[in-house]
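Undergrad: Please find one structure pasted underneath; my questions will follow.
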Amino acid sequence: MNSVLLQVPASPVKPVTDAEYRMMVNGVYDYAIFLLDPAGRIRSWNAGAQRLKGYTADEIIGRSFELFYPQEDIDAGRPRQELEETLRFGRMEDEGWRLRKDGSRFWASVVLTALFDDNGAHCGFAKVTRDLTVRREQEEVLRQSDEVFRLMVEGVRDYAIFMLDPDGHIISWNLGAQINKGYTAEEIIGKHFSVFYPQEKIDQGWPETELDLARRDGRFEDEGWRVRKDGTRFWASVVITALHDQTGRHRGFAKVTRDLTAQRRIGALEDESRQLTHFLAILGHELRNPLASISNAAAIMQMEEMTSPRLLIVRDVLSRQVAHFKRLVDDLLDVGRIASGKVHLEKAPVGLQQVVAEALEVIAPALRERRHQLETNISDVPLWVLGDKVRLVQVLTNLLHNACKFTAEGGRVRVSLSRQGNHAELSVADNGRGIASHELNDVFKLFAQIEHGDTPTHGGLGIGLNLVYQMVQRHGGEVSVFSTGIPGEGSEFIVRLPLMDAPPDGVGD
């Protein structure tokens, strides 16, 4: 079946009449479209002009278009300058503030066109105005946002934040970059960012590799050594981000660098601390096995009758040193437990008078051996704390051992226990060597070795006072030390523990 195309005669297109043009212009609602005579007086007025500027045609026709300009523009002669420029070039385009009938301002986009008749005589101007206030407000918000962001980036001190061009040359520089790397903006902008890398990394082509990876993946992150202006190295965390415009064109890179030298040092110290803690735990356990055999042998020797004075001396020395050795091993194990968080306190009501009695019983042989005079000033009123009695006895024993060690033979050691408000104060004082003022802050540190004149160290491992500090802390108390550093005036250690009400009879230690 053949299809038949119907031939419809084309109607001739009628030219647009002046009335239709006028109807089209008058009907436009979003643009103010009107005519001016050569002097700038308004000759026509459409619906868009009335909506935009607030005047009806009867109110405005015949008046000068200067009416729409702020006074400062009128005083500067701007309206007349626009007409002169339009007449000279045929067309003028501008943006600026204009006024409505009610006096409010709006941001206008203006196009002025010079009009000429068939004979080429100038007969006036066509003016088209559009309200762009909303767009300008949005642009202003964006501009202010960009300004705030720029100020924020430039003011950041802890991070070096800067931009690179596509080849890696520096094109911006913030305060953090100056502090971090040592260069001012004038010194560094325009230079290649590889200036921050150690020579060995430059020889390997690592800076270019970083940019290639960032360009390929959009982002690159790394840590490594970088170089400051003065040649010193620092450990840097680096993030490089590839930047592209709206068309997808690569415009450069954003680079953020942070100095992690301190964190890296802390991490290394933490690793060393963990390794040391592990070593101490192993050492303590390994020493316990032979110590048990030696201790048993010393105990057997004490039970045997000996006639040789020399062997008796050896036996007594062996017994004393085994006890000292056992205390050191126990301290080593406690240090390991504390550092690993494995110390568990069996807390119960504890009478501090009983703690003092047991600690003095432990230290009595050392006091006798060095012929120390013991003074006590113990409160008659029972003082109770919530704690682990074994650990509290250990605290007082360590302080007494410390006093014995640093006090010359025949010296004085004083133990006091009293109530001070809601706390109990347990004091151990001596008239020994004392501690220099610049060393007082270090006495509770692990492995601290305090020097005394010609004697480089006091002996021991330097862990006893650290254990005191740790144990008192775990009982909710505090320990402090006082000393003038003058030999003969000695030192005083004071332990403060929170008191509790006396428990019912028969409860507690």
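Coordinate-derived values only; no laboratory data. Remember, it's a predicted structure, so these values are computed and weren't measured experimentally. Note that each Cβ is placed from the backbone with ideal geometry, even for glycine, and that neighbours are counted across all protein chains shown.
Undergrad: How high is the FRET efficiency between A185 and H438 when r is their beta carbon distance and R₀ equals 25 Å, given to the nearest 0.05?
TA: 0.05
Undergrad: Turning to a different aspect of this structure: Evaluate E = 1/(1 + (r/R0)^6) for Q71 and M23, where r is the Cβ-Cβ distance and R0 equals 35 Å; express this FRET efficiency to the nearest 0.05.
TA: E between Q71 and M23, to the nearest 0.05, is 0.45.
Undergrad: Still on this structure, please answer the following. Which residues does a label at R100 reach in region 47-75, if reach means a backbone N under 12 Å from a point 7 Å past the Cα toward the Cβ?
TA: From region 47-75, the list is 50-55.
Undergrad: Using Cα-Cα distances under 8 Å and only pairs 6 or more residues apart, what relative contact order does region 62-130 have, in percent?
TA: 23 percent
Undergrad: Can you give me the long-range amide H partners of Y183? Hydrogens built in the peptide plane at 1.01 Å from N, cutoff under 5 Å, separation of 5 or more residues or another chain.
TA: It is K229, by chain and number.
Undergrad: Let me ask another. Output the direction-averaged projected area (hull surface divided by four) of the convex hull of the alpha-carbon atoms of region 18-131, in nm².
TA: Dividing the Cα hull surface by four gives the mean projection, 6.9 nm².
Undergrad: If you place +1 on the Cβ of every Lys and Arg and -1 on the Cβ of every Asp and Glu, how big does the dipole about the Cα centre of region 348-498 come out, in debye to the nearest 20?
TA: 260 debye
Undergrad: Please report, in debye to the nearest 20, how large the charge dipole of region 18-131 is about its Cα centre when each Lys and Arg carries +1 at its beta carbon and each Asp and Glu carries -1 there. Walk me through the intermediate numbers first.
TA: Working: 16 positive and 20 negative charges, 51 e Å.
The calculation lands at about 240 debye.
Undergrad: Next question, about the same structure. Would you mind calculating the gained length between E137 and Q81 on full extension (0.36 nm times residue separation, minus the Cα-Cα distance), in nm to one decimal?
TA: Stretched out fully, the E137 to Q81 stretch lengthens by 17.5 nm.
Undergrad: What ranking, highest mean first, results for peptides 348-359, 407-418 when packing means the other Cβ atoms within 10 Å averaged over each residue?
TA: Ranking, from highest mean packing down: 348-359, 407-418.
Undergrad: While we're on this one: Which of the lysines could be linked to K53 by a straight reach, that is with a Cα gap under 16 Å, when you skip same-chain ones fewer than 8 residues away?
TA: Cα-Cα hits under 16 Å: K101, K127.
Undergrad: Now for a different question. Toward the positive end of the charge dipole of region 348-498, about the Cα centre and with charges on Cβ (Lys, Arg +1; Asp, Glu -1), which of V381, N398, F444 goes farthest?
TA: Of the listed residues, the answer is V381.
Undergrad: Go through 59-67, 172-180 and give me the packing order, highest mean Cβ count within 10 Å leading.
TA: Taking the mean over residues of other Cβ atoms within 10 Å, the ranking is 172-180, 59-67.
Undergrad: Shifting gears a bit: With θ taken as phi - 60° and the coefficients 6.51, -1.76 and 1.60, list the Karplus ³J(HN,Hα) couplings across region 195-212 in order, rounded to whole Hz; mark glycine and proline as x.
TA: 4, 8, 9, x, 4, 5, 6, 5, 4, 7, x, 5, x, 5, 4, 4, 5, 4
Undergrad: Sticking with this one: Expressed in nm to one decimal, what extension gain is obtained for the pair Q473 and T247 from 0.36 nm per residue of sequence separation less their Cα-Cα distance?
TA: Separation in residues times 0.36 nm, less the Cα-Cα distance, equals 75.0 nm.
Undergrad: Please sort 479-485, 372-378, 468-474 by packing, taking for each peptide the average over its residues of neighbouring beta carbons within 10 angstrom, highest first. Write down the numbers at each step before the final one.
TA: Values: 479-485: 16.4, 372-378: 14.3, 468-474: 20.0.
In decreasing order of mean packing, 479-485, 372-378, 468-474 become 468-474, 479-485, 372-378.
Undergrad: Hey, another quick one. For region 162-218, what D do you get in µm² per second when you plug the Kirkwood radius from alpha-carbon pairs into Stokes-Einstein at 37 °C and 0.692 mPa s?
TA: Values: Rh = 12.0 Å.
Taking Rh from Cα pairs, D becomes 274 µm²/s.
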